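Since every read-out is calculated from the coordinates, none of them should be taken as a lab result. Because the structure is predicted, anything quoted here is derived from the model rather than measured. Ideal geometry is used to build each Cβ from the backbone, glycine not excepted, and the neighbour counts take in all protein chains shown.
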Amino acid sequence: MEYAELCIGKQMFVDMNKKRLRLVFLCGAALLAVSCREGAPTTAQQAYPVAKVARESVETTADYPATIRGRQDVQIYPQVEGKLTAVRVVEGQRVIKGQTLFVIDQVPYRAALQTAVANLKAARAAMATARLTCEGKRELYAQKVISRFELSTAENALQAAGAQLAQAEAQEVNARNNLSYTVVKSPTDGVVGTIPYRVGALVNSSVQQPLTTVSDNSEMYVYFSMPENSMLALIRRYGTVEQTLKRMPGVSLRLNDGTLYGSKGRVESISGVIDSQTGSVSLRAVFPNPTGLLHSGGAGNVVATQRTDGALTIPQGATFELQDKVFVYRVVDGRAKSTRIEVTPLNDRKKYIVRSGLKQGEIIVTEGAGMLQDGMPITTRK
């Protein structure tokens, strides 16, 4: 009897649990059905930050390929012919004005000078003799001892002696100069360039290569070209070419290794002629070179800074690229409208200058452009 009651109780407990499980399942199914009828649970729509396109004053930089030259590059050529007997400098040596660079064989030029000096002495003696003779003939002619013909002959001899004396003096000066030319001196302070000749080489004034080049590199000339449009903008900003040269900001020099030169330079001259083939204007900047880091013949890039007033600017993060073209999303009637724009990056790498595609006051999405689609309704926030 007790066993039968126990079995009946156990069966009632199992039935009750089944009913509870069935009830939970039915409730879940009902909730699922309601959920399916009402759609998936909604989430708050993302709000995208926006901003108005505005104008501001900005500074931009532009790089222009440049060549570097010494302030004065002097090619040294011999003025007389002969063999080199001495080379007094080495390549890269710093020299001063008047310092001896080369010596050419002086023996034939010393001999020529001695001959010229002897000829000059003889011409002076002949001149003195002709003068005495002429004076004596004049006294005799005054006393009517000699004829006019004899006096004229003496006077002509005096003039010939004078001409020979002048010629001898010129030859002596020429011989002395030629001897001095055998000592080749530096015409300026600077640094010695390549020396293609050695002792014993025969040189003359018509050699194809100079003996060397002396570069005055205390200050360096840096030549570069600027597009005509950029130059016109500069001149309009400052009024005249003269004012541009006075007021234009200093320029920097980017060396071939990518580093910036330690000192800034100033633009010293602007060409008055535009290159018809390239449409550019040549400029020359001057850079100090106290350490000698810059060398004549080098290359680099001039970095010029230009201030632009009233430029349309937008954050770079507001843009996206598609097939190498730059786009931005405008907000038009609550929807995202993709717009192609043309831009120039600023130095801070955070903003763009908008050259075309946007107008002042238009609303653009500043963040999350990659998550939007053209025509998509959006919620905005500032």
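Points worth noting:
- A Cβ-based charge dipole, computed about the Cα centre of the chain with Lys and Arg at +1 and Asp and Glu at -1, lands at about 640 debye.
- Phi-based couplings in Hz for the range 281-289 (Karplus 6.51, -1.76, 1.60; Gly and Pro marked x): 10, 8, 10, 10, 10, 10, 10, x, 9
- Placing one equal scatterer on every Cα of the range 78-203 and applying the Debye formula, the log10 ratio I(q)/I(0) at q = 0.16, 0.17, 0.19 Å⁻¹ is -0.82, -0.87, -0.98.
- The ranking of Ser269, Ser356 from fewest to most other beta carbons within 10 Å of each one's beta carbon is Ser356, Ser269.
- Selection from Gln360, Ala160, Leu260 lying farthest towards where the dipole of the chain points positive, charges on Cβ: Gln360
- Among Arg55, Arg381, Arg330, the ranking by other beta carbons within 10 Å of each residue's beta carbon, starting with the fewest, stands as Arg381, Arg55, Arg330.
- Pairwise label distance in nanometres, Val90 with Glu150, each label 7 Å out on the Cα-Cβ vector: 7.7 nm
- Tail weight of P(r) past 17 Å, computed on alpha-carbon pairs of the range 202-260, percent: 65 percent
- Put in order of Cβ neighbour count within 10 Å, fewest first, the listed residues Ser276, Ser218, Ser252 become Ser276, Ser218, Ser252.
- Axial C-alpha extent at least 24 Å, average Kyte-Doolittle at least -1.0 - helices from the chain (DSSP): 2-38, 107-142, 148-181
- Dipole magnitude for the range 129-279: about 240 debye, using +1 per Lys or Arg Cβ and -1 per Asp or Glu Cβ, origin at the Cα centre.
- Amide H partners (placed H, <5 Å) of Leu211, local residues excluded: Ile76, Tyr77
- Among Gln79, Gln277, Gln306: highest mean-square fluctuation, GNM of the chain, C-alpha pairs under 10 Å: Gln277
- Rounded to 5, percent antiparallel among DSSP beta bridges of the chain: 95 percent
- Springs between Cα atoms under 10 Å define the GNM used for the chain, and in it the highest mean-square fluctuation of Ala142, Ala51, Ala336 occurs at Ala142.
- Considering only Ser152, Ser180, Ser57, the Gaussian network model of the chain with Cα springs below 10 Å gives its largest mean-square fluctuation to Ser152.
- The Cβ shell under 12 Å around Thr213 holds other residues with a net charge of -2, Lys and Arg each +1, Asp and Glu each -1.
- Segment Val286-Val173, length gained on full extension (0.36 nm per residue, minus Cα span): 36.5 nm
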